[in-house]
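Structure first, then comments.
The values are calculated or read from the model by the stated rules, or taken from the named source; none is laboratory data. Worth saying up front: this structure is predicted, and the values here are computed from it rather than measured. FYI the Cβ positions are ideal-geometry reconstructions off the backbone, even for glycines, and counts take in every protein chain you see. With ligands, DNA and RNA removed, areas are computed over all heavy atoms of the protein, side chains included. Shrake-Rupley method; radii C 1.70, N 1.55, O 1.52, S 1.80 Å.
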Amino acid sequence: MTHQVHAFEPPERFVAGTVGPPGERTFFLQARGGGRLVSVALEKVQVSLLAEKLEELLSEAQRRFGVELPESPVSVGDNDPLDNPVDEEFRVGTLGLAFDVDSATVVIEAIAAGEAEAEVELGDDEDDEDDDDDEPDEDLDRLRVRLTPEATREFIERARRVVNAGRPPCPLCGQPLDPAGHLCPRHNGYHR
């Protein structure tokens, strides 16, 4: 089976964004460069964790390798919508992060969700001795992006804004509030 590796080293633009109204949003990572545009779908929690882990990766690179890190951007930065057309290449199953010391860049790899992630294994596991569960399947599509520390900081700030732009949380239970309210478990199921 053939797979595609969409490599942007570096991209002209790499952002997290959404399509749809709050409560029904679909989250995307979108990379543009060299006349190409690639959009991959993922979950809100993946975007949030990606921003968090990128921040940790930059801090670790500074601590271990002495990499000069830019301050958090003061300006709003890239707040433009996703580029059209937003065609989903694949749904992300695994995200990988690395820091390339030689080029002082951050490498982000989004790997498509494999069939094994969606299926329940049935039967014997005798043949699984050769399987390497630590490495994602090499036959899966990938989006690979290489960013400078400055571009990584800008991505982190935008990703956080996108995640926080959704529905506000209920002050009692923390679940998202719909415009019509929600059934709050802290109120024994009464609308709030």
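So, R0 is 45 Å and r is the distance between the beta-carbons of L172 and A98; what FRET efficiency does that work out to, to 0.05?
Here the calculated transfer efficiency is 0.65.
Which semi-axes, in whole Å and largest first, does the equivalent ellipsoid of the range 1-57 have when worked out from the alpha carbon gyration tensor as the square roots of 5 times its eigenvalues?
21, 16, 12
Local charge sum around V19 (other residues, Cβ-Cβ under 15 Å, Lys/Arg +1, Asp/Glu -1)?
Local net charge: -4.
Averaged per residue, what accessible surface does the range 23-66 expose to a 1.4 Å probe, in Å²?
Value for the range 23-66: 50 Å² per residue.
At 1.4 Å probe size, what's the solvent-accessible area of H3? Round to the nearest 10 Å².
80
Relative contact order, percent, of the range 1-111 when contacts are C-alpha pairs under 8 Å separated by at least 6 residues?
21
Write down the Kirkwood hydrodynamic radius of the range 1-95, to one decimal in angstroms, obtained as one divided by the mean of 1/r over all alpha carbon pairs.
For the range 1-95, inverting the mean 1/r across all distinct Cα pairs yields 15.3 Å.
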